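The structure that follows is given in the form of structure tokens.
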Amino acid sequence: MIQKLIQTKEFLLDRFKKGSFEIGMISGTGLDPVTERIETEAVVPYEEIPNFPRSTVKGHRGMLKSGTISGRTILAMEGRFHLYEGYSPEQVVFPVRVMALLGVKYLFISSAAGGLNPLFSTGELMLITDHINLMGRNPLVGPNLEEFGSRFPDMVEAYDPELIDIIEKKALSMGILLRKGVYVGVLGPSLETRAETRFLRLIGADAVGMSTVMENIAAVHAGIKVAAIAVLTNINLPDNMKKTSLEEIISVAKESAKKLALLWENVIKELSK
Ligand code: HPA
């Protein structure tokens with residue numbers, strides 16, 4: 001595993017002509033506009049990157065982008081890998097570990113999710129303050145990668161409190177309505193039944209999605225500070241379930257991704273050196 005990670009790291013250092021990166025970004029379904037504010041230096045399609053999985057999902061571009069915002073170096077994934085595509089947890093988090101080897105200190109995750117909190121509305125942004133892993137997997141299963149972190153990483157601050165603070169203040173000053181809540185990760189790809197939706201709300205989740213959790217765990221293990229924001233592409237209420245389609249999810253995500261891009265840009269400007 002570590003050899004493959006190093007090989008990919010070397011390839012990217014060569015392609016991007018950079019020694020390291022400070023910030024990592026991951027954007028998902030319909031969220032390509034999130035990386036729009038980056039001053040792009042180079043872009044590499046996933047197919048060209050050794051050991052990278054191949055993206056198979058509609059609404060994902062599958063490009064790794066190198067660039068800057070206010071001079072801060074950024075490595076951004078446009079399109080991510082999901083367990084429901086058939087990838088192993090190791091494959092899903094492979095790019096996060098490559099980011100760690102490239103020096104990334106902060107990871108900003110964007111994802112699409114279904115809102116479970118009845119006070120939330122479609123198109124709103126939810127800052128993830130905590131998660132529940134119901135994906136039935138964990139990327140740290142197997143021999144511990146000592147180069148990255150410890151066997152039993154603490155998850156009490158899985159979403160960095162300082163980043164949460166900066167993001168909340170920025171959203172307020174920018175006039176962006178930012179919800180806050182708990183994200184529950186499920187395997188998918190089928191959406192939730194009414195009974196599952198009721199259960200997920202009951203156990204304390206405010207939004208449900210099929211990503212983010214694996215990436216968060218691998219990043220926390222590697223000592224990367226994580227912030228994550230979900231775009232609520234649909235609202236799921238067990239007593240009033242509406243049908244959702246991928247097309248609808250992508251169209252809502254695209255619209256809200258613009259304000260999310262501006263928010264990330266301003267948060268990055270605020271990061272202490
Ligand atoms: N459920 C799970 N994942 C999702 C949803 C949903 O309703 N919407 C966007 N991603």
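What FRET efficiency do you get for M1 and N240 if R0 is 45 Å and r is their Cβ-Cβ distance, rounded to the nearest 0.05?
Details: r = 46 Å, r/R0 = 1.02.
For R0 = 45 Å, the calculated efficiency reads 0.50.
Related question: Once R0 is set to 22 Å, what does the formula 1/(1 + (r/R0)^6) return for the Cβ-Cβ distance between E255 and K180, expressed as a FRET efficiency to the nearest 0.05? Kindly include the intermediate steps, with their values, before the conclusion.
On the way: r = 21 Å, r/R0 = 0.95.
It comes to 0.60.
Moving on to the next point. Can you sort S211, S251 so the residue with the fewest Cβ neighbours within 10 Å comes first?
Numbers: S211 28, S251 13.
Starting with the residue having the fewest Cβ neighbours, the order is S251, S211.
A further question on this structure: Where nothing but the Cβ of Lys and Arg (+1) and of Asp and Glu (-1) is charged, how large is the charge dipole of the chain around its Cα centre, in debye to the nearest 20? Spell out each step's value before the answer.
On the way: 31 positive and 32 negative charges, 47 e Å.
So the dipole magnitude of the chain works out to roughly 220 debye.
On a straight-distance basis, which lysines could pair with K18 in a cross-link, Cα separation under 21 angstrom, same-chain partners fewer than 8 positions away excluded?
K4, K9, K65, K105, K269, K273
Rounded to the nearest 0.05, what FRET efficiency do F152 and S272 give with R0 = 30 Å and r taken as the Cβ-Cβ distance? Could you check?
0.55
For the residues S272, S121, S27, what sequence is obtained by ranking on other C-beta atoms within 10 Å, fewest first?
S272, S121, S27
Could you work out Rg/(2.2 N^0.38 Å) for the chain, with Rg from alpha carbons only?
0.94
With a point put 7 Å past each Cα toward its Cβ, work out how far R54 is from A195 in nm, to one decimal.
Placing both labels 7 Å beyond Cα along the Cβ direction yields 3.9 nm.
Separate question: Return the whole-Å distance between the Cα centroid of the range 135-207 and the Cα centroid of the range 60-127.
12
Which lysines have a Cα less than 29 Å from the Cα of K243, not counting those fewer than 8 places away in the same chain?
K58, K180, K254, K258, K259
A further question on this structure: Per-residue ellipticity at 222 nm for the chain, helices alone: DSSP H runs ≥ 4 residues times -39500 (n - 2.57), over residue total, nearest 500 deg cm²/dmol?
-10000 deg cm²/dmol
With point charges of +1 on the Cβ of Lys and Arg and -1 on the Cβ of Asp and Glu, referenced to the Cα centre of the chain, which listed residue (T68, Y84, S256) lies farthest in the positive direction of the dipole?
The listed residue farthest towards the positive side: S256.
Of I6, G149, A207, which is farthest along the charge dipole of the range 2-270 in the positive direction, counting Lys and Arg as +1 and Asp and Glu as -1 at C-beta?
The one lying farthest along the dipole's positive direction is A207.
Please report the net charge: other residues with Cβ closer than 13 Å to the Cβ of V231, K and R +1, D and E -1.
Neighbour charge sum, excluding V231 itself: 0.
Please list the radius of gyration and Dmax for the range 148-196, considering alpha-carbon atoms only, with Å as the unit.
When restricted to the Cα atoms of the range 148-196, Rg and Dmax are 16.1, 42 Å.
Each value in this text was obtained by applying a stated rule to the coordinates, not by laboratory testing. None of the values given here were measured: they were computed from a predicted structure. Cβ sites come from the backbone with ideal geometry, for glycine too, and all protein chains shown count toward neighbours.
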